[in-house]
Structures are given as structure tokens and as C-alpha cells.
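Inspection log for the structure reproduced underneath, given as C-alpha cells.
Each value in this text was obtained by applying a stated rule to the coordinates, not by laboratory testing. This structure is a prediction, so every number in the text was calculated from the model and none was measured. Using ideal geometry, Cβ is built from the backbone for each residue, glycine included, and neighbour counts are taken over all protein chains shown.
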Amino acid sequence: MGVPGKKEEILDDIAQMCAEKPAGHKYKDYKPGHSWFQKFQRRNKDLLSRHAPSKVSLGHAGVTKKMIEGWFLEVLRYIANIPGGMEALSDLRRVFNMDESGFAMDAGTGHIKMVMVPRGAWQVCKRARGTKEQVTVNAACNTAGDYMFWFLLFPGKIMM
């Protein structure tokens, strides 16, 4: 889906397109104004909506599907080289899925402008430098359906 666009970024993109094909528009300096943007939103209300994006570190923003699939293939090759490794994968109690979620403590939207995204987008992210002010929650479940006790990670503290 790409990085969502702020109003000014969308208008700058339109200005760039108008500059490349200057015939047939009436915009000063090739850039449409506020009224054009409001009409654009009305014309595309079924396709676009406005959201305040959440921050995503630059490292996470660059992860692709191909990178993730490659990581899993590398892990599978590693396990295949361990004696009894492939047999361990067939034991449902020994295969776990763990999810780590970090909740940024400075994720307020007061300083984040609203952006335009395709309607129905359930996750809207903004690339940002990583922040250390967060609480991390880890949860794990094995393929037999048993859950591990969840835990939180706080900076400088060990709690269970």
C-alpha cells in the first residue's frame, strides 16, 4: 500500500504531474488548492479515508514478504541439520508461535497530521526513528493450543 500521503504531499504530487503535462489545467504554479483537495476527497470518499498514522521504525518499515519467507527457509534448513530436528517439528507441544508487541509511550497523535489512505486500511503507519519509550508484551502459544504465561518488558525492570 505504501506510505500514506499528507494533504501537502498529495498536492505536491499533483503539481508534479501537472508540470510534466502542462496542457489542460488551470492551477497556479501547477498546484491545486484547498478547494480542489476537498472536492478530491468527496469524489473519492468510497476509496479514501483519513487516519492518524502510528509510528513504525525505519527498520521495520523496510521488511518485505520475500525477506520473511527467506528467514523461514533459513530456519528450516538450520533445523534440518540438527539431529532429531525435523522430528521435533512434528510434536505439536514443541512448536511455538510467539508474538511481541511494543506499545510506544509517546504515540500521541497531537503532533501527527492526518493522512489519506485507501478506505478499509486497518493499519496506517508512519516511518519514524525508533523510540525507546515503550512497553513490550510477549505472548506465545504452541501448535497444540497451549499458551505460555504472558509477560511484559519494562525498561530497566524485570517483572513476571
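What is the sum of charges around GLY85, taking Lys and Arg as +1, Asp and Glu as -1, for the other residues whose C-beta is under 13 Å from the C-beta of GLY85?
Details: positive: ARG77, ARG94; negative: GLU87, ASP91.
Around GLY85, the surrounding residues sum to 0.
ALA23 to TRP150: extension gain in nm, 0.36 nm per residue of separation minus the Cα-Cα distance?
Values: separation 127, 0.36 × 127 = 45.72 nm, distance 6.14 nm.
Additional length available on full extension: 39.6 nm.
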